[in-house]
Number of protein chains: 2
Amino acid sequence: MTTIQESAGRGRPRSERAEKAIVDATLDMIGEGVTVSELSIEAVASRAGVGKTTIYRRWANKEDLVVDSLATLRLPMPEPGGADVRADLVEYLEVMRSESSELRNRCITNIALNEADRFPDLYRRFRELVIEPRREAFRQVLRRGVATGELRPDLDVEVAMSMLVGAMLFHTKMSGPGYPVPDDLPERLVDEALRGFRYDVTRNVAS
Amino acid sequence: MTTIQESAGRGRPRSERAEKAIVDATLDMIGEGVTVSELSIEAVASRAGVGKTTIYRRWANKEDLVVDSLATLRLPMPEPGGADVRADLVEYLEVMRSESSELRNRCITNIALNEADRFPDLYRRFRELVIEPRREAFRQVLRRGVATGELRPDLDVEVAMSMLVGAMLFHTKMSGPGYPVPDDLPERLVDEALRGFRYDVTRNVAS
DNA sequence: AGTTTTCGAAACGCGACCGTTGCGTATCGT
DNA sequence: ACGATACGCAACGGTCGCGTTTCGAAAACT
């Protein structure tokens, strides 16, 4: 908790509703693509229908507000069904796809991709809190696939992850009004990745 | 050319040096991760060692300055060697990798990934000028591979492109002081993509 | 009832940047 | 030489957001 100080519960208690409105406004604006640099406390206050005082009483600065707001995003990667590697990979990519369609969740990628350089502290905490757990879950699916023999024993897991996740991010970032992410993209990505691009007459006759 | 007007060559001619300094400063700042919104004419002028007047005399607004600056980035994709699909793919990814290490060239991805929503005009022109030609070149390599029989006839070319380019962008965006892009990433990416992840005892024994 | 704390709102002085204008100087064509 | 234009620089009035302060009202405690 980066909150500046708990008030000794003597007088009027802090409004839960105001706090939620502030965090919501913050997340929404970041989700819409507003940079942390551009994010103004005044705009957050106005959007949340709250006085600036109410914000400054809780957070010392903008970065703390953003950190705490992002921390409220609990987006657990689901335990993979575990039927097979293909199903698990598709499931995870599908999570990414569906999340990307909600404005709120876009702030995850927006922060991760845009703010790393300028707010290293924010990025580091965000990386530990959100990014790494997800990478690890994804990594485990691939490792398990190697262990079960579904995937090549010499598969470069990190590179494989980059390909699938990178392709997904690529599409979601490029997506927009005119360029929606196809519903079946996760399946198509996983299938192409599993089969490989090369034409091999001894094997690829169709699945 | 978005330049506001050519002066009738009567008096003192406009300084080539100043113009170059302005464009250089603009590109450098964008390459460093400064948003177009954040980019201030004052900062550009100061960095270029130039008066604001000199900028406003040439460009009507910030967006025009950015458009013209980006247009000076002539970054032709090389004609691929054409030895085989693998070599061509590695070559193109290698171009992306090496470009990403130069600050100046980072403004390509920065603009493409961060400014699409807020500056649709800028993004559209940039897309036509830089992005689409490169996508098309990349696409041709894959199509040629299908035509020569090196790649599967039913390969989903768009998905394949997303995987390779997306993975590369993913790494370059994530890269930084502590996270350099491995030199051999292009090769590793292409090899994993061509082979596929799946373990197939009838085929994968090594290359 | 009285105390304490928070609430939203408004205003403060401060600094950054806007786009414009005027200044004295430099550099071109005629 | 002379007029025209561009140069860098400094200043203008204006807007925006900063972080702080003050205000009267509201909501909890003893």
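The values are calculated or read from the model by the stated rules, or taken from the named source; none is laboratory data. As the structure is a prediction and not an experimental result, all values here were calculated from the model. Note that each Cβ is placed from the backbone with ideal geometry, even for glycine, and that neighbours are counted across all protein chains shown. What goes into the accessible areas is simple: the full protein's heavy atoms, side chains included, and nothing from ligands, DNA or RNA. Shrake-Rupley method; radii C 1.70, N 1.55, O 1.52, S 1.80 Å.
Annotations for the structure displayed:
- Selection count, the range A:158-174, where residues are within 17 Å of A:I111 (Cα to Cα) and of a type in the set (S, T, N, Q): 1
- Scanning the range B:51-94 for residues that are of a type in the set (A, V, I, L, M), within 16 Å of DNA strand D (Cβ to nearest atom) and open to solvent by 30 Å² or more (accessible area, probe 1.4 Å) yields one hit, B:A60.
- Test for A:A193: is it within 8 Å of chain B (Cβ to nearest Cβ) and part of a helix (DSSP H, G or I): yes
- Residue within the range A:152-162 that is out of contact with any Leu (no Cβ under 9 Å at 6 or more places or on another chain), facing another protein chain (nearest Cβ under 7 Å) and within 26 Å of B:N114 (Cβ to Cβ) present: no
- Every residue from the range B:47-74 that is near DNA strand C (Cβ under 8 Å from one of its atoms) and under 29 Å from A:I111 (Cα atoms): B:N61, B:K62
- Filter result for A:E99 (of a type outside the set (S, T, N, Q), within 17 Å of the chain's Cα centre (by Cα) and at pLDDT 95 or above): no
- The set of residues in the range B:135-151 being more than 9 Å from every other protein chain (Cβ to nearest Cβ) and open to solvent by 60 Å² or more (accessible area, probe 1.4 Å) consists of B:E136, B:Q140, B:R143, B:R144, B:A147, B:T148.
- One residue alone among B:E187, B:E132 is without any contact (Cβ under 8 Å) to a residue 60 or more places away in the chain, more than 7 Å from chain A (Cβ to nearest Cβ) and part of a helix (DSSP H, G or I), and that residue is B:E132.
- Verdict on B:Y123 being more than 22 Å from A:T109 (Cα to Cα), aromatic (F, W, Y) and in the same structural domain as B:G145 (by TED's automatic domain parsing): no
- Number of the exception - A:K20 against (1) within 15 Å of DNA strand D (Cβ to nearest atom); (2) out of contact with any Asp or Glu (no Cβ under 9 Å at 6 or more places or on another chain): (1)
- Residue within the range A:54-63 that is at pLDDT below 95 and within 14 Å of chain B (Cβ to nearest Cβ) present: no
- In summary, B:L122 fulfils each of the numbered conditions (1) at pLDDT 90 or above; (2) more than 26 Å from A:V36 (Cβ to Cβ) with the single exception of condition (2).
- When restricted to residues that are charged (D, E, K, R), open to solvent by less than 10 Å² (accessible area, probe 1.4 Å) and in a helix (DSSP H, G or I), the range A:152-177 contains 0.
- Verdict on A:G33 being open to solvent by less than 60 Å² (accessible area, probe 1.4 Å), in a loop (DSSP other than H, G, I, E, B) and either in contact (Cβ under 8 Å) with a residue 24 or more places away in the chain or within 8 Å of DNA strand D (Cβ to nearest atom) (or both): yes
Residues are listed down the side, and each one gets a yes or a no for (1) at pLDDT 90 or above; (2) in the same structural domain as B:K62 (by TED's automatic domain parsing); (3) not hydrophobic (A, V, I, L, M, F, W, C):
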{"residue": "B:D117", "(1), (2), (3)": "no, no, yes"}
{"residue": "B:A147", "(1), (2), (3)": "yes, no, no"}
{"residue": "B:G166", "(1), (2), (3)": "yes, no, yes"}
{"residue": "B:V190", "(1), (2), (3)": "yes, no, no"}
{"residue": "B:T202", "(1), (2), (3)": "no, no, yes"}
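- If the condition is being within 20 Å of B:H171 (Cβ to Cβ) and either within 14 Å of the chain's Cα centre (by Cα) or not charged (D, E, K, R) (or both), then the range A:114-123 contributes A:N114, A:E115, A:A116, A:P120, A:Y123.
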